[in-house]
Amino acid sequence: MQLIEFKNVYKRYQNGVSALCDVNLEISKGEFVFIIGESGSGKSTIIKLLYRQEKPTSGEVFVGGINVARLRNGKVYKLRRKLGVVFQDYKLLPKLTVYENVAFALEIYGLKKSEVRRRTLEALEQVGLKDKLRSFPDELAGGEQQRVSIARAIVNNPKVLICDEPTGNLDPKTSMEVMRVIESINNDLGTTVIMATHDEKIVNKMKKRVVVIDKGLVVDDTMKGKYKNETI
Amino acid sequence: MKPFRILKSNFLESFKGVFRNFSLSIASITCITITLILVGFSIFVTLNVNNFTAEIEKDMTIVVFLDRKASDEDIDAIKEKIESLDNIKKITFNSKEDVKKSMQKESEIFNTILSEYTESNNPLQDSFLIKVEDINRIGDTANEIQTIEKITLVKYGEGSVEELVKIFDLVKKITYIAVVALVIVTAFLISNTIKITIQSRKREIEIRRLVGASNAFIRQPFFFEGIIIGFLGSIIPIAICCFGYSYLYERLGGKLFTEIIRLIDPKAINYMVMVALVVIGVVVGALGSFRAVRKYLKV
Ligand SMILES: Nc1ncnc2c1ncn2[C@@H]1O[C@H](COP(=O)(O)OP(=O)(O)OP(=O)(O)O)[C@@H](O)[C@H]1O
Ligand SMILES: [Mg+2]
């Protein structure tokens, strides 16, 4: 079985909107996958199914051997501990420093202070922010804030890094910096990366696997893909 | 070690929570303080009322004097009749000879006077000493006994004490009701405080969920918060109740109005009341946060 599998996944929201239609996907360990599509096509829905924010209406989603659709509410945290999640709006806590924001994700494990410190510094080094430990989020540039949130996502050594438009709020140059950080995580740590985006430039530059969604259907799935306008 | 570290960090987290919404926490703490002062008051009242009712019950005896002409058969019949009434706990026969002997023993003067009399011209009367089950109904019972024939006189303890018992009983009941009402109000208020803490920390909770915190972990700090509020709220009541009672006890010389109503020594009950107040405060706090967590921290 692959690390991630979608089998005939349908998703219909409470209000009747059909967001995904018979989605089938397989992603193996260490892959870097873009999920692209225009607004409202269902990218975020796929991401939400992965970290069990939403349940599929029918079909099955497997992540690292866990049947996400069958996962009871009380057990969702077991899935989340295998994942790192990054969002467009960073979701940092404004009253905590950079260091504290990252260490926050380790609190739940009850590790020794020294162990928390070691891991937090390691993650911050990976994203190139070791010299901003004591800064607060509002003292950082957007790209830096996003790197903090990436550090927080990888600090527990997840198998999969899930990103929903991580560069959505950033200018092209900063976006590329952030992309390099994510690529380095994929290369250095072997973390599988799944990223929803509609940033054409990034997709074209990175030359990774691209899954194209249109109106809830997977319409294209190519290796070293490009953001082709005719497919969208 | 791990669970302990998690517990510790969550506990510190809750302390921060209490002070983050301090004005609200103060409202809850004040409410629980008032409640617990009343609880403390009612505990002291209850303990003392129970104590002296028991004391009075022990002492309060109906004395039934029998007609001088009553024969032995009459006495047996009267005894049977009295025993058949309800509310009778114990009945003992006190013959005039017994009375005479015990009086003679008591003082030299009685001894000389009473030794004049023989069995036949003993001026004393035979009597029954009766203990009742329910002190509140002692008057009715005495009246019932009065209707039996060949009885000259029925006497029992002072009426004023009986009245006092009734008043204290009423005070006891009113404080019970007030305590229950206040406990409920307090639990709701604490629940509301925790709700606001929860809302003010939505983002934090969301992120905790995202990074894989279990429900228990997420809920813990809010639980502790209610408990901390309950605990903080019990400090002032403990001081007021225990010192207040000790002070009152000293001032009144250990009795209330009359020698009959002896107060319980504070040393004997203060510790128990302290523990009770802390426990009640903590339990009410826990109940409040339990409700908030169940209602506003759904998975
Ligand atoms: N919680 C929700 N309740 C109801 N409908 C929803 C919900 N979330 C998304 N939808 C609908 O599902 C469809 C897919 O939404 P989704 O967020 O997956 O799109 P997207 O590809 O991420 O779009 P964007 O690029 O704008 O982020 C949309 O039509 C949207 O209105
Ligand atoms: Mg989206």
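In this structure, B:ILE184 does not qualify as modelled with pLDDT under 85 and surrounded by fewer than 19 Cβ atoms within 10 Å (Cβ to Cβ). Which one is surrounded by the fewest Cβ atoms within 10 Å (Cβ to Cβ), of the residues in region A:33-79 that are more than 16 Å from ligand 2 (Cβ to nearest atom) and basic (Lys, Arg)? My answer is A:ARG72. Residue count for region A:1-52 satisfying the condition of being near ligand 1 (Cβ under 9 Å from one of its atoms) and within 14 Å of chain B (Cβ to nearest Cβ): 2. Name the residues in region A:109-119 that are in contact (Cβ under 8 Å) with a residue 24 or more places away in the chain and at the interface with another protein chain (Cβ under 10 Å from one of its Cβ atoms), would you? Within region A:109-119, A:TYR109 is the sole residue that qualifies. Selection within region A:5-17: residues that are surrounded by fewer than 16 Cβ atoms within 10 Å (Cβ to Cβ) and within 16 Å of ligand 2 (Cβ to nearest atom). The member of this set that is farthest from A:SER39 (Cα to Cα) is A:TYR13.
For A:GLY216, the conditions (1) over 17 Å from the mean Cα position of the chain (by Cα); (2) within 16 Å of ligand 2 (Cβ to nearest atom); (3) more than 30 Å from A:LYS78 (Cβ to Cβ) all hold with the exception of (3).
A quick yes/no check of all residues on (1) within 14 Å of another protein chain (Cβ to nearest Cβ); (2) touching a residue at least 24 places away in the same chain (Cβ under 8 Å); (3) among the aliphatic types (A, V, I, L, M); (4) surrounded by fewer than 19 Cβ atoms within 10 Å (Cβ to Cβ):
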{"position": "B:ILE261", "(1), (2), (3), (4)": "no, yes, yes, no"}
{"position": "B:VAL275", "(1), (2), (3), (4)": "no, no, yes, yes"}
{"position": "B:VAL284", "(1), (2), (3), (4)": "no, yes, yes, no"}
{"position": "B:ARG291", "(1), (2), (3), (4)": "no, yes, no, yes"}
{"position": "B:TYR296", "(1), (2), (3), (4)": "no, yes, no, yes"}
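Summed over region B:159-208, residues that are within 25 Å of B:ALA276 (Cα to Cα) and among the basic types (Lys, Arg) total 2. Within region A:155-181, residues that are farther than 16 Å from A:LEU3 by Cβ have Cβ atoms under 6 Å from residues that are within 13 Å of ligand 1 (Cβ to nearest atom) and in a helix (DSSP H, G or I) in these pairs: A:ASP164/A:SER44; A:ASP164/A:ILE47, counting only partners at least 6 apart in sequence or on another chain.
Those helices (runs of 4 or more DSSP H) of region B:64-128 in which 1 or more residues are under 44 Å from the mean Cα position of the chain (by Cα) and either more than 18 Å from B:GLU149 (Cα to Cα) or outside the structural domain of B:ASN143 (by TED's automatic domain parsing) (or both) occupy B:96-106, B:108-114. Within region A:66-102, the set of residues being more than 8 Å from chain B (Cβ to nearest Cβ) and without any contact (Cβ under 8 Å) to a residue 24 or more places away in the chain comprises A:ILE66, A:ASN67, A:VAL68, A:ALA69, A:ARG70, A:LEU71, A:ARG72, A:LYS75, A:GLU100. Among all positions in region A:67-80, there is no residue which is within 14 Å of ligand 1 (Cβ to nearest atom) and not aromatic (Phe, Trp, Tyr).
The values are calculated or read from the model by the stated rules, or taken from the named source; none is laboratory data. If you're wondering where the values come from, they're calculated on a predicted model, not measured in any experiment. Virtual Cβ from ideal backbone geometry, glycine too; neighbours counted across all protein chains shown.
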